[in-house]
Amino acid sequence: MKTLIELNINDRIYEVAVDARDLLIDVIRKKVGLTGTKKGCGDGDCGACTVLIDGKPELSCIKLAIACQGKKITTIEGLVQEGGVLHPLQQAYVDHGAVQCGFCTPGMIMSSKALLDRNPAPTEQDIKHELSGNICRCTGYKRIIEAVEATAKVWSKEGVK
């Protein structure tokens with residue numbers, strides 16, 4: 001039996017019919033059509049499906065969609081600015097070559113965004129800890145850490161988030 005729910009995704013309300021067992025990742029990708037969030041392992045182990053729910057990083061492959069009513073969900077598409085301009089964090093990932101195959105990138109960026117929102121001046125250890133739930137097989141993490149550090153430096157100078 002399907003239930004009609006409203007989800008606030010990227011500051012837009014979507015009415016979707018879901019089963020009680022529908023996962024947020026599947027609703028985001030298949031019913032809403034936002035395919036930037038990736039479904040990697042499907043078990044909550046790789047971090048590719050990370051989205052922000054009320055500003056906190058959550059694994060959408062193990063989160064029931066129905067549990068997200070009344071919450072603010074932000075996907076990688078929600079970071080893009082007016083006119084299609086990349087968010088500064090997204091641009092830093094590009095500039096630092098932290099986007100090899102790109103499969104883990106949305107989850108990495110969302111985890112990085114949550115960290116920088118909480119701690120605008122993270123240490124390298126803070127970054128490593130925050131990203132420890134995200135697996136990347138291409139970059140070796142060095143460039144990802146550099147992208148986050150560079151963004152933190154710019155944000156601290158400009159007072160941007």
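The values are calculated or read from the model by the stated rules, or taken from the named source; none is laboratory data. None of the values given here were measured: they were computed from a predicted structure. Positions of Cβ are generated from backbone atoms using ideal geometry, with glycine treated the same way; all protein chains shown enter the neighbour counts. These accessible areas exclude ligands, DNA and RNA; they are computed on the full protein's heavy atoms, side chains included. Shrake-Rupley method; radii C 1.70, N 1.55, O 1.52, S 1.80 Å.
Structural remarks
- Taking region 112-156 as the range and being over 20 Å from L79 (Cβ atoms), assigned to a helix (DSSP H, G or I) and basic (K, R) as the test, the residues that pass are K128, K142.
- Any chance S60 is under 15 Å from the mean Cα position of the chain (by Cα) and not assigned by TED's automatic domain parsing to the domain that holds Y141: yes
- For region 54-110, taking the residues that are touching a Phe, Trp or Tyr at 6+ places or on another chain (Cβ under 8 Å) and not in a loop (DSSP other than H, G, I, E, B), the one that is farthest from K31 (Cα to Cα) is identified as P88.
- T105 vs. criteria over 17 Å from P88 (Cβ atoms) and out of contact with any strand residue (DSSP E or B) (no Cβ under 6 Å at 6 or more places or on another chain): no
- Residue check for L34: outside the structural domain of H87 (by TED's automatic domain parsing) and not in a loop (DSSP other than H, G, I, E, B): no
- Taken over region 31-48, the criterion of being under 18 Å from G78 (Cβ atoms) and either open to solvent by 40 Å² or more (accessible area, probe 1.4 Å) or at pLDDT below 95 (or both) is satisfied by K31, G33, T35, K38, K39.
- Test result for A48, of a type in the set (A, V, I, L, M) and touching a strand residue (DSSP E or B) at 6+ places or on another chain (Cβ under 6 Å): no
- Condition check for V160 on (1) crowded, with 20+ Cβ neighbours inside 10 Å; (2) at pLDDT below 95; (3) out of contact with any Gly (no Cβ under 9 Å at 6 or more places or on another chain): one failure, at (1).
- Among the residues of region 1-15, those that are among the hydrophobic types (A, V, I, L, M, F, W, C), surrounded by fewer than 19 Cβ atoms within 10 Å (Cβ to Cβ) and assigned to a strand (DSSP E or B) comprise L4, I5, I13.
- Candidates L79, L86 - the one that is in contact (Cβ under 8 Å) with a residue 24 or more places away in the chain and within 21 Å of C49 (Cβ to Cβ): L79
- Residue that is at pLDDT 95 or above and either among the small types (G, A, S) or over 30 Å from W155 (Cα atoms) (or both), where the choices are V80, V27, V85, V51: V27
- Hits in region 1-47 (condition: in contact (Cβ under 8 Å) with a residue 24 or more places away in the chain and of a type in the set (K, R)): R21, K38
- Some residue of region 118-126 being more than 27 Å from R29 (Cβ to Cβ), among the aliphatic types (A, V, I, L, M) and open to solvent by less than 20 Å² (accessible area, probe 1.4 Å): no
- Considering region 17-30, the residues that are acidic (D, E) and out of contact with any helix residue (DSSP H, G or I) (no Cβ under 7 Å at 6 or more places or on another chain) include one that is surrounded by the most Cβ atoms within 10 Å (Cβ to Cβ), namely D26.
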